[in-house]
Amino acid sequence: MARQAACKEGIDLTLNRKGRKRYVLVLPTEQGSKAFESLTRRSRELFGHVEMHRAGLALIRSDDKVMIVRCGLDQLDNLLVSIALTDPPMVALDMSASARRLRRRHSESE
């Protein structure tokens, strides 16, 4: 009922949808959480607090060799720039829409 009234007035209501995520396999130069802290610090320096918060960066998994980082699809370019410009630079090895598929591809390539 309220939607019909809003549409008649020219206001279009949209549903809140979860943002799409991407998972990036990163070859860090430091170990574990230090590498992720370095990445988030560089992202904050380059793009500011608001953009970093919108990216929703999260450390999903960290091994001794690689780490998996989650971010929003709309902020993926910012993450890749932050990875490349981290000092010392890290390398993005692979990317996927699901963490399970990314882990599977990484284990097959070893």
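Remarks
- Residue satisfying all of: in the stretch 37-67; assigned to a helix (DSSP H, G or I) and among the aliphatic types (A, V, I, L, M); surrounded by the fewest Cβ atoms within 10 Å (Cβ to Cβ) among these: V50
- Residue list for the stretch 68-110, filter: modelled with pLDDT under 90 and in a strand (DSSP E or B): none
The values are calculated or read from the model by the stated rules, or taken from the named source; none is laboratory data. None of these values were measured; they are calculated from a predicted model. For neighbour counting, all protein chains shown are included, and Cβ atoms are generated from backbone atoms with ideal geometry for every residue, glycine included.
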